[in-house]
Structures are given as C-alpha cells and as structure tokens.
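Student: This is the structure I want to talk about, given as structure tokens.
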Amino acid sequence: MCGIVGYIGKKEAKPILINGLFRLEYRGYDSAGIATIENNGLKVVKNKGRVNDLNNTKGIDSLKGTIGIGHTRWATHGKPSSTNSHPHMDNSENFAVVHNGIIENYADLKEFLKSHKYKFLSETDTEVIPNLIHFYFESSKKTGNMRFLDAIANTCKMLKGSYALEILSSMYPDNMIVVRKDSPLVIGKGVEENYISSDIPAILSFTKDFYLLNDNEFAFISRDSIDFYDSELNKIDKECQNITWNAGAAEKDGYADFMLKEINEQPKSIRETIGSRISKNSKTLLPDIDLDKKYLNSINKIFIVACGTAMHAGYATKPIFEGLCEIPVEVDAASEFRYRNPLINEKTLCIFVTQSGETADTIAALKLAKSKGAKTIAISNVIGSSITREADYTVYTHAGPEIAVASTKAYTSQIVLLAIVAIYFAEILEKNLEKCSELKNDILLLPTKLEEVLKNTDKIKEFAKKIYKEKDVFFIGRGIDYSVAQEGSLKLKEISYIHSEAYPSGELKHGAIALIENGVTVVSVLTNRMLVEKSVSNLLEVVTRGAKTFIVTNQELNHDFDEVITIPKTSTLISPVLSVVPLQILAYYISKEKGLDVDKPRNLAKSVTVE
Ligand code: M6R
C-alpha cells in the first residue's frame, strides 16, 4: 500500500530514487513522484501512472539534487491523478512529504487548517501533513534542528491512523526526517550516504546494514549521521542490523515475471523453510518458540489468524494441528477477528501468519489477542517486520523476498512452517509421535517432489489456452483439498480477473450447481484416498451438466476427465504444498494469455497496510 524511498548522500538522488521506486512498485502503481532539494529549493516532479511514466515526465531531467524522497501510490483518498500524487508540499512550499498509510482524522485536520487560512490542492489525506508541519514550525519555540523535529513531532501527535513519512525542507537542505507508526520503514546505512525505504529488498543492492524504526520513533538523517528520537524527542540508541539476503534474490533472474520465478523457486524456498528444524529420527527444533509442556497442556484452543493467501495456509494446516496436538483450531480472517470480540483468554494460543509482517488487520488482531491475555506467535517472511516486534514469539519462513503481488512461495512455506510448529507442539506434548515422524519424512521429501511437479507444466499451459476467455471458473475439493481450491480460486481471480468461486465438492449441489452449464470449467483437487469415490461422484455431477474438468490428483481415477495433472503421492496432511502448484501455474498462464501484468494486477498491492 504505497512505497516510499529516500536518499541522502553525495550522488545524484534521482536515479537512486527511481531505481527504488521500480522495486517498490509492487506496493502500488497508481502514480509516482519524487522531490529533491535543488539550489533554488524544493522541486517536485510527479505524475499519474507507473514509475516508467514518471521517468518520462516533464522536469524529471532537471533534478540534480543529492537528497530526495520518492513515492509510488496505491490510491485510497482521491483518484489516481497528478495532483493527488505524492510528494505533497505545504502552502509555503518549504516542506515536502511522502506518506504510506492513512490519516483517519484528515477531514477534521483539514478544517482546522482551513480555519488558519491554509488551502488544499488535492483530495488526499496526506496533504494535511506538510501544512501541519508548517503550522507547528511557525509556532515552535525551539531553534536549529530541534525546531524541524519539534514541528514534525507536534504534527504526529495530531495524526490518527497509520503513517511512514519522509520529510524534506528547503530550510534544512542537508537533512531529512523520517517517522513511522503502523506502516513500514527501514533505514539503510552507507558510507557518507543513507537510504530509506518501505522494505529491505528495494535498497539491498546499495547496503546490507539496516536500522529498523519502531512505532513513534523519529530519525534525523544527514549524509554521515543518523540520530534517533522517541515520541517525546528524547535521544535513543539503535542497533544496526546486518541483513544476509543476497541482492540477486530480489531480481527476476531471467524469468519473464517475478511470479513465474517465485513459483519455480518453491523447491528451494521449502528447503530453506525446513532448514535444520526437522530431520529424520531427531526432535524438531524451534528454539524461537519457548513454550513448555505445562503451557501447551493448559491451552484449549488455537487460533490461526491471517488474511488472503496466508489465511488459506491456516485452513490447510488446521487438520495438522488438530490431528497431531488434539487441540481445537479456529482459523479466522484478521479483519473479522479484530471486530467480533473473539472468545480468547490466557488459555488460547494465537498464531498470526503474514508474509510481509505488515498487514494492518493482522497486526491489529495480534494486539487484540495480546490484550486479552493470549500468547502470540508470528509466522512471517520479512525479518524485523512490524508484526515480529509485537508478537511474543516469531518464526520466519525464510522463503526469500516475494515480489509478485500474487503470493505463491510464501503460501507453501507458511504451510510447511505451520506443519513444523504443529509437530513441535505434538512432540512436546508427547502425542501422536509416530504420525509426527511420518509427516516429518514426508516434509523432507517435498522439495524433490516439487521439482517433479514443476517439470510437467506443458499440459497446464495448453489448458490455459483453452479457457482463458471464460467468465467463470469453479474450484472444488473436499477437506484439505477444499482449502487448496480456495487458494487456487484466489490466485485465478486476482491475476486473470476471471470470476471464480471455491466450493466444498459436496456443497455444490446445494445451490451453486445451478451455474454449471455447457462449457463451464470446474477445477478439482483430489488427494485424499478416503474421499476419492465421493469426489469423483461430485465431478460426474458437473460433467453430466456439460462442465469441462481440470483435475489435480495423486490418485488413480477410473474416469476420463478433460485434463488430469498427476502429482507425486505424499501424506494428505501436507499435500497442499504439491497440489497448489498446478493451480498457481494455471492462473499464471491464463493471465499471460490475456496479456495482463501478472506481477502487478489491477487494484491490488503486495502489503495491505491499511484496514
Ligand atoms: O503479507 P500478508 O501475508 O499478510 O498478506 C496477506 C494477503 O494480503 C495476501 O496473501 C494476498 O491475499 C495475496 N495477494 C494473495 O496472492
């Protein structure tokens, strides 16, 4: 939900900012803009459209300054337009601001500022910020650098909502101030230069040393120094962290799209997720979760809370926790959980799953669970992300950067990690140890089996060519296969814009079967030996009504269907890691056939940092 980038150093800022914006474009692509400090003051160039359009916008070539801020927008308040693009300036044009987040009380603040004769050009919530900074700057009793900081700290005290802000002022041509609350922001430290970004991969090619700001902390940045302050402007110390990710991990590596690369990376990402956490004949190692038998025996419910694909990983692993740990599991959408007064207390364990670690609803849900006395575990892919700083315990998926908006490798890594957590708990509880050991063996074999699945994509590509013009597609499955159907359906709709729905196979005939007519495609996942006959019967019900069928299975089927993709056998419990892959590939090729932007589907953003 919007990406922000900043640079202060000795080099020209513009190419560095544009480079960062290209990498952050997955966070929003409605408009882009940059501001630099030139000899004659602040200069802003912005435009509706993508970063590429910004690169061709009038005035961009004149930016030569060595300090600047940039923004790529996912529109919330005000349609995509040049005027609504960031950076925004105050009326005196002495302050320029880029913002990721939402100012919930912007209407009141606008009225307040209007009563002091401020004028507004845009429809955005953000434009109140530079004007408030100007207002407080004018009335500040502080001097020097503290006056700049004081104006921003007073402004932040007025803001309700979420924000990561970068602020430039023509009166402080050698400094930049950044602050965050509930929106991500990292600072990369270089030699006589510093970088700012919404995420680490965007600036990983420039530095590997990062400072992570906590909520309500400020950084006053110069070329060769960074001073940190808390919300009351007391100086604080911050440790610099060295990130070991390889910069190449955030590149396409010869693939046409990040999504295709990330689908193909799954054998590797699963190997990384497994790491040394499980091995044959030895106990599962998860030192980051320090929970003992007494505590685990005391809990009577586990919640898995997440959004979108991460929530689907929760659905896929609910049977593993219930089967191995014998504790009831509820899976909930974070946006529902946080507003429905869920029944939780100190006997509830809440697991929050989020690739980015920045999803606003998931973070709010975690805070709610904590306030009710539950212990909280975050499953995230992004080191140091916001949720990891709130949770009691964090375990990382280690899937590597996921850039495509449609989540693929993060989903399979989340399932594997959740399965490992379930096994870890069952081993502590000394329950179902034989099943645990079988499942561990199956998990260890997943990377090789994934390689096999990825070798057989031709038939899927051909089927995509047959159905890419369709308007509706149905996904069905029973039990764990239904959870995969849900994920397959989400993948298809988000990158191909084809309407699709997922149904439990047996549920279709209770209404939705009315929509099945000649030529409609039904995709089915079928991996549970116990349910094959029932699932085949459900499929025949749609075949009789003229449906085209695409089946993903590891079972022998005694019927002909239009396309059958056979995947390697594995335990049903962990089968989603394999069965989802043909569905990811199907969605990918349908999107390609339609000529769409696979990595950046319309209306979406990679991390949803607004509720
Ligand atoms: O970063 P998170 O895992 O918290 O993101 C949650 C969802 O926004 C995300 O999974 C979304 O559904 C994906 N675009 C689906 O491909």
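The values are calculated or read from the model by the stated rules, or taken from the named source; none is laboratory data. Everything numeric here is computed off the predicted structure, so don't read it as measured data. Cβ sites come from the backbone with ideal geometry, for glycine too, and all protein chains shown count toward neighbours. Ligands, DNA and RNA are stripped out before the accessible areas are found, and what is left, the full protein with its side chains, is counted by its heavy atoms. Shrake-Rupley method; radii C 1.70, N 1.55, O 1.52, S 1.80 Å.
Student: Going through Leu185, Leu168, Leu132 one at a time, which residue ends up being surrounded by 24 or more Cβ atoms within 10 Å (Cβ to Cβ) and within 26 Å of the chain's Cα centre (by Cα)?
Tutor: Numbers: Leu168 fails: within 26 Å of the chain's Cα centre (by Cα); Leu132 fails: within 26 Å of the chain's Cα centre (by Cα).
None of the others qualify; the one that does is Leu185.
Student: May I pose another question? Name the single residue that is farthest from the ligand (Cβ to nearest atom) among those in the stretch 590-604 being open to solvent by less than 10 Å² (accessible area, probe 1.4 Å) and more than 19 Å from the chain's Cα centre (by Cα).
Tutor: The qualifying residue farthest from the ligand (Cβ to nearest atom) is Ile590.
Student: What single numbered condition from (1) hydrophobic (A, V, I, L, M, F, W, C); (2) within 19 Å of Ile565 (Cβ to Cβ); (3) in contact (Cβ under 8 Å) with a residue 60 or more places away in the chain fails to hold for Val473?
Tutor: Failing condition for Val473: (3).
Student: Confirm whether Met259 is within 16 Å of the ligand (Cβ to nearest atom), closer than 15 Å to Ala399 by Cβ and part of a helix (DSSP H, G or I). Even if it seems obvious, please write down each step before you answer.
Tutor: Numbers: within 16 Å of the ligand (Cβ to nearest atom): yes; closer than 15 Å to Ala399 by Cβ: yes; part of a helix (DSSP H, G or I): yes.
So Met259 fits the description; yes.
Student: Ok, one more. Would you be able to tell me the number of residues in the stretch 313-358 that are away from the ligand (no atom under 14 Å from the Cβ), more than 18 Å from Ser483 (Cβ to Cβ) and in contact with a Gly (Cβ under 9 Å, 6 or more places away or on another chain)?
Tutor: Count: 5.
Student: Taking Gly78 as the residue in question, decide whether it is at positive phi, touching a residue at least 40 places away in the same chain (Cβ under 8 Å) and in a strand (DSSP E or B).
Tutor: Taking the combined requirement at face value, the residue does not satisfy it.
Student: Still on this structure: Test each condition in (1) away from the ligand (no atom under 16 Å from the Cβ); (2) open to solvent by less than 30 Å² (accessible area, probe 1.4 Å); (3) out of contact with any strand residue (DSSP E or B) (no Cβ under 6 Å at 6 or more places or on another chain); (4) outside any loop (DSSP other than H, G, I, E, B) for Ala587 and report the one that comes out false.
Tutor: Of (1) away from the ligand (no atom under 16 Å from the Cβ); (2) open to solvent by less than 30 Å² (accessible area, probe 1.4 Å); (3) out of contact with any strand residue (DSSP E or B) (no Cβ under 6 Å at 6 or more places or on another chain); (4) outside any loop (DSSP other than H, G, I, E, B), only one is false for Ala587: (1).
Student: In this structure, does Lys372 turn out to be away from the ligand (no atom under 16 Å from the Cβ) and out of contact with any helix residue (DSSP H, G or I) (no Cβ under 9 Å at 6 or more places or on another chain)?
Tutor: When the stated conditions are applied, Lys372 passes them.
Student: With the structure loaded, tell me whether Leu429 is within 25 Å of Lys493 (Cβ to Cβ) and away from the ligand (no atom under 11 Å from the Cβ) or whether it fails that test.
Tutor: Against the criterion (within 25 Å of Lys493 (Cβ to Cβ) and away from the ligand (no atom under 11 Å from the Cβ)), Leu429 does not qualify.
Student: May I pose another question? Condition first: hydroxyl-bearing (Ser, Thr, Tyr) and within 14 Å of the ligand (Cβ to nearest atom). Now tell me which residues in the stretch 375-393 satisfy that.
Tutor: Residues satisfying the conditions are Ser380, Ser385, Ser386, Thr388.
Student: Name the pairs: first residue in the stretch 8-22 and among the aromatic types (Phe, Trp, Tyr), second residue open to solvent by less than 10 Å² (accessible area, probe 1.4 Å), Cβ to Cβ under 9 Å, at least 6 apart or on different chains?
Tutor: Going by the 9 Å Cβ cut-off, the qualifying pairs are Phe22/Val51; Phe22/Thr72; Phe22/Ala202.
Student: Now, a different point. So which residues in the stretch 310-342 are among the polar types (S, T, N, Q) and either touching a strand residue (DSSP E or B) at 6+ places or on another chain (Cβ under 9 Å) or not in a helix (DSSP H, G or I) (or both)?
Tutor: Thr317, Asn341
Student: Among Ser575, Ser607, which is the only one that is within 16 Å of the ligand (Cβ to nearest atom), open to solvent by less than 10 Å² (accessible area, probe 1.4 Å) and either more than 30 Å from Val353 (Cβ to Cβ) or out of contact with any Leu (no Cβ under 6 Å at 6 or more places or on another chain) (or both)?
Tutor: Ser607
Student: Still on this structure, please answer the following. When residues of the stretch 560-584 are filtered for being assigned to a loop (DSSP other than H, G, I, E, B) and either out of contact with any strand residue (DSSP E or B) (no Cβ under 9 Å at 6 or more places or on another chain) or under 22 Å from Val520 (Cα atoms) (or both), how many remain?
Tutor: Residues in the stretch 560-584 being assigned to a loop (DSSP other than H, G, I, E, B) and either out of contact with any strand residue (DSSP E or B) (no Cβ under 9 Å at 6 or more places or on another chain) or under 22 Å from Val520 (Cα atoms) (or both): 7 in total.
Student: What is the residue count in the stretch 44-77 for residues that are surrounded by fewer than 18 Cβ atoms within 10 Å (Cβ to Cβ) and of a type in the set (Gly, Ala, Ser)?
Tutor: Of the residues in the stretch 44-77, 3 are surrounded by fewer than 18 Cβ atoms within 10 Å (Cβ to Cβ) and of a type in the set (Gly, Ala, Ser).
Student: Still on this structure: Do the conditions hold for Ser489, that is, is it among the polar types (S, T, N, Q) and farther than 20 Å from Thr570 by Cβ?
Tutor: yes
Student: Among the helices (runs of 4 or more DSSP H) contained in the stretch 406-499, which hold 2 or more residues that are open to solvent by 50 Å² or more (accessible area, probe 1.4 Å)?
Tutor: Once the helices (runs of 4 or more DSSP H) in the stretch 406-499 are filtered for at least 2 residues that are open to solvent by 50 Å² or more (accessible area, probe 1.4 Å), what remains is 433-455, 458-467, 480-496.
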